[in-house]
Structures are given as C-alpha cells and as structure tokens.
C-alpha cells in the first residue's frame, strides 16, 4: 500500500444502527493487513440507535496517530446519510475532500415530531458538491436490498470506498476480511453487497 | 477465534482499547475477573468472558462495582491475579472498599480498571477517577495508545504484586473505544493455585493497626515512585533543554505530538509524556522542569497532573528552580465550549492553546471555506436528538405512565434512574421523568419526595428503574421506603438485559457472563420478600398497563409494578426474519384523520415516518423492528403487522 496523503483521514458518518462501526472495523482491518498504521476513533454516545455515529479512520505509513483527526482534515467522507454527510463536512471537510454519500434520509426524531424540518435531499447534495472536490451519490440502500437486506448498505459503501481509488485499500484484502468477519453468518450476502458497491463506483459519475 | 486469544508473540493485530486491556490481563496470567457493565469499560469483561473457558478464568458480571471489587480483592488475597473493570461512576460505588483494601494490601496482582468519559458521551458526569488513586494513595497508570493499554495492564499486575497494593489503570472513552495496532506478547503457561489458610489475615485493621498499615502504604508508594522515575512508559521527545515543554498523559500524548507537528514546533517545544501519574515520577519531572520556562499541561478532565506538578515545583523552589509560567486548565488555555476543565481533549484544543500562548497563526482551511461550510450546515442540517429505538418497550411504558398521570390529575412526580430509560427525560419518552442522577437515585430520592406530605407536597410519586439497576442499587432504597412509609409507586422497566451498555445479563436473566444458564432472582420475589405489593404487566398491553398504574397510584404506601418486555435488539438476534409492518394506504387518510399524525408526532417511533408526497403515514423498513405497537395504537387501524411464517 502506498499513500500520497499521510495520514490519510477517512470519516464514516451516519446514524446508530446503520453499521458504521462494522464498516470502520472492516476498513481498518484491511489497512492493518496491508501493513499500515491505523487508528480508529468511534463516537457513538449513549444511544443504541437514532443518534449521530461517526468513526474516524486514520491510515499512515509512518506512525500511529491519535483517534480523532483535527478539524478540516478529512480526505474522504463516507456518508451513510445525506445530512450527516453535510454535518461532517462542516467540521472536517475541505476543498480536497472526496465524498461518497447514500442519499437515503434517516429522519431525526425531531423531524418526525414536527419540531424540525428535513431539507430536500437534492439541495443537500448540491450543498455538499459546493464544498468538496467530488461527490458520488450511491443508492446503497437499494443495492443492499438487491443483495438481500437493506441493512447491508454499509457493506455496499465499503465496496465503493475500496474500489474508489481514494484510499490505498486493496479489494482482494477487503474481500478476505469480509469473509473472515462474516464466516459464521453466511458471508455470501455480504460479499454480494460488497461486489455491488465495487461495480457501482466503477460506473458512477460524480455529481 | 477471537483476536485476543491468538498465541503468536510478535504478531501485529488490530484491537479495540478495551480488548487490548483484556489481552494485557491474559498476558499477565489473570485468573479472576469481575465488573459491572458501564461505558466505556464494558468490553473488557465481555472480551475476557468469551475466552474464559480456554484460559480457565473465572469471569463474572457482578451485581455492582463494590461487590466486583471485593470479589476480585479476595481472589488476589488468595494469591491469584485479579482484575475488576468499571465506568467512572463505578469508582464511587466501590470507594468504601477501595479506601480499606489499599491498607490491607494484596498477595496476587490486583488491578482496578476505571473508564472515564470526557465530554460525558455516554454517562451523566465527567468524573475524573484519577483523583481516587491520589485519594486512596495507590499507583496509577494511564495508557496513551492501544499498545500501551495492553502492556500497561500487564505492568499493573506486576507492580501490584511486587508492592502488595491494588493498582489503578485509568482509561478514557477515546482509548477504550478506539482501535489501533498492538504487537502481541507471550501468554503465560503456568496456572496459579488459590491459597488462604487459618494463619492468614487480610484486613485494614483499626486504630493503631490501621495507622501502621497506613504508614506501610506510604512506604509502598515511595517505592512506586522510584520505579516510576525509571519507567519505560514515561519519556521525553524534543530538544533537550528547550524552554517550552508540554506535560501530558493518556490520549493527550498523540494529540500533542500531532499539534506540535502541524504547527512546525518540533524544535521549540518538548513533550514529556507520562504513563505513570501517581505517585508522580518526581525526579524525571524535576529534570525537565529545570530547563523549562513555560509548561503546558495536556490531560483529560481535571487538572490532575497540573496540580501535582505545581506542588512539586513549590518543593523545588528551595533547590533554586527558576520561575515557570504554567498553562493549562487553570489558565483557561485548555478549554472546551463549556470552559476550562470540561470536555474531551483533541488536536485542535492543543493547537489553540499553543497558538494563543505563542502568538501563532493556524488556519486548517481558508476562512471563506469555513464560513460557507458552517452556513450550509446551519441552513440544511436538522438537530438529531437522542431517541428510544424503534420497538422499544420503554416507549410503551412511558406512554402508559404519561397517560396514568393525566388520569390521576394530581401533577405526580417521576424520579428516574440510569439506563436507556433515562431518555424518559426527553420528548422521545414524552418527558415524563423529572429527576436523574446516579444508579439507584430514582427510588432513593423518591424516599424524600414520598415523605413530604406533612410539609405540603402531597403528590403521587413514581420512581423508575431498570432491571439491572434494580439489582445494582435499588434494593436498600426500596427497603427504606417500606420501612419509613414512603408513598411511592416503584416502576421497574424489565427488558431482560442491561441494554444501555450492550446487553449484558443480570441476576434476573438466568444466564451468567459466559451465557450459561444459572440461578434466576426474579424482581417480584425480592419485592414480595420486602413486603411491597407488586404487579407484573406487559407494557405493550397498553390499556391494561395504564389501568394498573392508575389503580396503584390511588393506594397509600410503597408499591411496585414491573413492566416486562424483552429489548427488541436482543429479541431480533434470536429471530431469522423480522415481522414486517406496513401502512394500509386506503385506511390512512393523512391529516384528515384528526389524529394529528399520531404515529410520527405523538408516538415518535423512528420507524414511523411521513410520506409528504402522498400525505400519509409510512414505515421505514430499514429501521422498523416489527414490534407492532404502532399497529395497536393507530386510531384508524391503518398500520398492519404481518407476522413471519
């Protein structure tokens, strides 16, 4: 694995229950197997579900970094939810940031109860586009459904990241890791979700 | 196979901080492990429980932290190596025992791991448990990396055994819940035998004996200090004799390194990283204070190092040390939006302190970009409040409590406790709860509120607790309520697990830390034993639940009701497929119904969403657990539950 940016800072952001931590675990494990120094910081607070969940994954060839990246230093943002992607850009984005975003909203309880409004998704995506180097919109929930369960949208997104060329991750190593992690729970569906992600990013054009 | 059991010394693996602590304990030859679940420390015991059979360990979830510490202390007194792990507030619970076992000492290595939570991500306070190490005067270790989490756990056992005193290892959320690479060490091959004979004595004594042990403790700590002055976990990076140094511990180490690098200050700022922080390694610190004109402290939560180093500096005055300007929490340079000594540490906090002290400039991105990004967030991003999960039985319980209080009409008071159901303070639980403190404080404070009638406060009082919390801290308070005639309805929300901390079993689950079946201590039996009238109800049977609550509120004295329904997250794991729920598009007539969007606006389950195009209710299939409560409550009967065959 060779890296241009060192440390390479990746943020995975979404909502509790979207498989955020599993995704960061797969990415980090693949990077360790590729010989890199890896630090992962997870922010998940008190809620099991419903709250903001964010993982910082920091890769380096040189040294161990702390679990939290400094503000404005994300190279890649993997957004499992559109407004969470934008929220993360507010803190960690910059003009060189590459964003991969699942456009499917997960509505906050504040929106459902009528105390806040959820913005039009296309406007959120345009705002993201204005702030980053590139943004790929990935219909990850739909692709996960094709693989057997909408919950595997995180694996679809990992597939997109692995084949995006934005990181030094190797597809063969990530595949190995997925096989190992899901060994007891039939890895086939997850491998299918991963492959759908890989295929999607190869044909997907940035906004 | 779990990663932590790999027996390949020298192998590099990815570990979570808590797994690294567990691995360090295994490498140290731990035999006895106990604890009570609590973020961010829960995974230490969980990891050890998974490998307990292979390594012949005793691992127990104890009923609370003091019992955990006492049990581990006894194992260590019998010569075994023993560990107990807890969250920050757990240290308070076991403080009584800690303040005596520090004197009585230990034969086998005895390690107490405390998990602090700067920024209070998942607890009710930013307590700094390092103060307990100073308070009890026991050795304190603060790992800074995943590798150190493993290696310093092993050191803690060795040190404890050598000095004969319990040793504290302090971790924080950003270490416990982060992942990184650790190089594995070797596993011990020899098993220990527990011994305690009639010739043995294990006590802190009293009067002269207690004072003698106190003196012995000070001698042990003097030896600890000598060892700490030589410890490999304390080191200095930077130019020797630089006049600006950072003194840091724990997570502050990597943040300080990165901040100094980003500001290009490697030649001007030295960093003294301390892994052993109580007793302070005085000789080592003094050596670096002698070349410093300015010192910045970077540490999580309290100004602990800051105070201890300042005291040392006062001692060094007689040796002619030159004046030093100190920066940190006391000077307001290390602060969060809530002020100094609050919030967690990060690279940006260290950068800001250095920028302010040294009059530097640092812009992570152009000003124009930052303004644009913040404006976009302000315009589009809604707040995302904490909420109960889809299908949570607590939502049903809070619904029933809210309704029963309205029927009762006397403006009843609800005191709450620690667990998922603490969210009853928020709109997700219809804001029924009015007080929240520590484990057991719900029924504890109800002993006061329920005894104020003669002072003019004549309202019904409900105390809420969860199932695990009931066993942990509520039983003495319930006995007290009965004994002192408190007028309280005690509501126990029993979802058959310790849900908040990741679904650990408790004494009512009928399973132990290994997942094996064991004795079950039903909550209702405990209540009956105390003589408190008790009912059991399913909160999803809402009408009956409301009726029961209302009836019990009309009676005097102490009484209890248990709302029993399994947590949907543990239930879902047992099922191959979830039942599905959908909205009958013909029956839902949207805003014409008159229900004011009951499912989304009133009931507030995150799986109930609104289709603004059709103007009708909808189910988010990616979130719904299929509990079907909304189907029972929908006034139009438009929500349909389909059981899976």
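The values are calculated or read from the model by the stated rules, or taken from the named source; none is laboratory data. Because the structure is predicted, anything quoted here is derived from the model rather than measured. Cβ sites come from the backbone with ideal geometry, for glycine too, and all protein chains shown count toward neighbours.
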**OP:** Name every residue in region B:152-179 that is surrounded by fewer than 24 Cβ atoms within 10 Å (Cβ to Cβ) and either within 14 Å of chain A (Cβ to nearest Cβ) or within 11 Å of residue B:21 (Cα to Cα) (or both), in order of residue number.
**Re:** B:154
Subject >> Count - residues of region B:603-621 that are away from every other protein chain (no Cβ under 11 Å) and crowded, with 22+ Cβ neighbours inside 10 Å >> reply: 1
**OP:** Return the residue satisfying two criteria in turn: it lies in region B:529-548 and is outside any helix (DSSP H, G or I) and over 32 Å from the mean Cα position of the chain (by Cα), and of such residues it is nearest to the other protein chains (Cβ to nearest Cβ).
**Re:** B:541
**OP:** Hey, can you tell me all the residues within region A:181-194 that are in a helix (DSSP H, G or I) and either buried (at least 19 other Cβ atoms within 10 Å of the Cβ) or free of Cβ contacts under 8 Å to residues at least 40 places away in the same chain (or both)?
**Re:** A:187, A:188, A:190, A:191, A:192, A:193, A:194
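Matching residues to (1) within 21 Å of the chain's Cα centre (by Cα); (2) within 26 Å of residue A:32 (Cβ to Cβ); (3) in contact (Cβ under 8 Å) with a residue 40 or more places away in the chain; (4) part of a loop (DSSP other than H, G, I, E, B):
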{"residue": "B:113", "(1), (2), (3), (4)": "yes, yes, yes, no"}
{"residue": "B:132", "(1), (2), (3), (4)": "yes, no, yes, no"}
{"residue": "B:138", "(1), (2), (3), (4)": "no, no, yes, yes"}
{"residue": "B:150", "(1), (2), (3), (4)": "yes, yes, yes, no"}
{"residue": "B:187", "(1), (2), (3), (4)": "no, yes, yes, yes"}
**OP:** Go through the residues of region B:388-400 one by one and say whether even a single one is away from every other protein chain (no Cβ under 14 Å), in a strand (DSSP E or B) and touching a helix residue (DSSP H, G or I) at 6+ places or on another chain (Cβ under 6 Å).
**Re:** no
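Being without any contact (Cβ under 8 Å) to a residue 40 or more places away in the chain, within 14 Å of chain A (Cβ to nearest Cβ), buried (at least 23 other Cβ atoms within 10 Å of the Cβ) and within 22 Å of the chain's Cα centre (by Cα) is the requirement here; does residue B:423 meet it? Give the derivation first.
On the way: without any contact (Cβ under 8 Å) to a residue 40 or more places away in the chain: yes; within 14 Å of chain A (Cβ to nearest Cβ): yes; buried (at least 23 other Cβ atoms within 10 Å of the Cβ): yes; within 22 Å of the chain's Cα centre (by Cα): yes.
It is true that residue B:423 is without any contact (Cβ under 8 Å) to a residue 40 or more places away in the chain, within 14 Å of chain A (Cβ to nearest Cβ), buried (at least 23 other Cβ atoms within 10 Å of the Cβ) and within 22 Å of the chain's Cα centre (by Cα).
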Original post:
Quick one: in region A:87-114, which of the residues that are in contact (Cβ under 8 Å) with a residue 40 or more places away in the chain and closer than 13 Å to residue A:134 by Cα is nearest to the other protein chains (Cβ to nearest Cβ)?
Top reply: A:89
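May I ask you to say which residue of B:556, B:551 is at pLDDT 90 or above, more than 30 Å from the chain's Cα centre (by Cα) and assigned to a loop (DSSP other than H, G, I, E, B)?
Values: B:551 fails: assigned to a loop (DSSP other than H, G, I, E, B).
Only one candidate passes the filter, namely B:556.
Working only within region A:91-124, note down all residues that are part of a helix (DSSP H, G or I), over 21 Å from residue B:610 (Cβ atoms) and more than 15 Å from the chain's Cα centre (by Cα). Can you show your working first?
Going through region A:91-124, the residues part of a helix (DSSP H, G or I) turn out to be A:91-92, A:109-112, A:121-124.
Going one step further and asking which of them are over 21 Å from residue B:610 (Cβ atoms), we end up with A:91-92.
Within region A:91-124, A:91 is the sole residue that qualifies.
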**OP:** Kindly provide the set of residues from region B:317-335 that are buried (at least 16 other Cβ atoms within 10 Å of the Cβ) and either within 14 Å of chain A (Cβ to nearest Cβ) or farther than 30 Å from residue B:117 by Cβ (or both), ordered by number.
**Re:** B:321, B:324
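Of all residues being surrounded by fewer than 17 Cβ atoms within 10 Å (Cβ to Cβ) and within 33 Å of the chain's Cα centre (by Cα) in region B:237-274, which is farthest from residue A:7 (Cα to Cα)? Just the residue, please. First the steps, then the outcome.
Taking region B:237-274 first, the residues surrounded by fewer than 17 Cβ atoms within 10 Å (Cβ to Cβ) are B:237, B:239-241, B:243, B:261, B:264, B:266-268.
Right, trim to within 33 Å of the chain's Cα centre (by Cα) and you get B:237, B:261.
On the way: B:237: 20, B:261: 12 Å.
That would be B:237.
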**OP:** Determine, yes or no, whether residue B:309 is within 14 Å of chain A (Cβ to nearest Cβ) and either crowded, with 16+ Cβ neighbours inside 10 Å or within 25 Å of residue B:130 (Cα to Cα) (or both).
**Re:** no
Original post:
Does at least one position in region B:354-370 carry a residue that is crowded, with 24+ Cβ neighbours inside 10 Å, within 14 Å of chain A (Cβ to nearest Cβ) and not in a loop (DSSP other than H, G, I, E, B)?
Top reply: yes
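Just wondering, is there one or more residues in region B:559-572 that are in contact with a strand residue (DSSP E or B) (Cβ under 7 Å, 6 or more places away or on another chain), outside any loop (DSSP other than H, G, I, E, B) and outside the structural domain of residue B:487 (by TED's automatic domain parsing)?
Within region B:559-572, none of the residues are in contact with a strand residue (DSSP E or B) (Cβ under 7 Å, 6 or more places away or on another chain), outside any loop (DSSP other than H, G, I, E, B) and outside the structural domain of residue B:487 (by TED's automatic domain parsing).
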Original post:
Counting only residues that are crowded, with 24+ Cβ neighbours inside 10 Å and not in a loop (DSSP other than H, G, I, E, B), which one in region A:55-75 is farthest from the other protein chains (Cβ to nearest Cβ)?
Top reply: A:59
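Return yes or no: is residue B:144 at pLDDT 95 or above, assigned to a loop (DSSP other than H, G, I, E, B) and touching a strand residue (DSSP E or B) at 6+ places or on another chain (Cβ under 9 Å)? Talk me through it step by step, then tell me what you get.
Values: at pLDDT 95 or above: yes; assigned to a loop (DSSP other than H, G, I, E, B): yes; touching a strand residue (DSSP E or B) at 6+ places or on another chain (Cβ under 9 Å): yes.
Yes; evaluated as a whole, the condition is true for this residue.
Going by the conditions given, is residue B:233 under 30 Å from residue B:106 (Cα atoms) and in contact with a strand residue (DSSP E or B) (Cβ under 7 Å, 6 or more places away or on another chain)?
Numbers: under 30 Å from residue B:106 (Cα atoms): yes; in contact with a strand residue (DSSP E or B) (Cβ under 7 Å, 6 or more places away or on another chain): yes.
Judged against the criteria, residue B:233 is a match.
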**OP:** Could you tell me whether any residue of region B:71-91 is out of contact with any helix residue (DSSP H, G or I) (no Cβ under 9 Å at 6 or more places or on another chain), surrounded by fewer than 24 Cβ atoms within 10 Å (Cβ to Cβ) and in a helix (DSSP H, G or I)?
**Re:** yes
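Among the residues of region A:5-22, what is the count of those that are part of a loop (DSSP other than H, G, I, E, B) and closer than 13 Å to residue A:44 by Cα? Step through it out loud before you land on a result.
From region A:5-22, those part of a loop (DSSP other than H, G, I, E, B) are A:5-7, A:16-19; that's our starting set.
After this cut, where a residue has to be closer than 13 Å to residue A:44 by Cα as well, the list is A:16-19.
Final tally of qualifying residues: 4.
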Original post:
In region B:565-594, what residues are buried (at least 20 other Cβ atoms within 10 Å of the Cβ) and away from chain A (no Cβ under 13 Å)?
Top reply: B:565, B:581, B:583, B:588
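May I ask you to list the residues in region B:626-640 that are within 40 Å of the chain's Cα centre (by Cα) and buried (at least 22 other Cβ atoms within 10 Å of the Cβ)? Let's see the steps before the verdict.
Narrowing region B:626-640 to residues within 40 Å of the chain's Cα centre (by Cα): B:626-634, B:639-640.
Of everything in region B:626-640, those that are within 40 Å of the chain's Cα centre (by Cα) and buried (at least 22 other Cβ atoms within 10 Å of the Cβ) turn out to be B:626, B:627, B:629, B:630, B:634, B:639.
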Original post:
Among B:4, B:30, B:63, B:59, which is more than 14 Å from every other protein chain (Cβ to nearest Cβ), in a helix (DSSP H, G or I) and either crowded, with 24+ Cβ neighbours inside 10 Å or in contact (Cβ under 8 Å) with a residue 24 or more places away in the chain (or both)?
Top reply: B:4
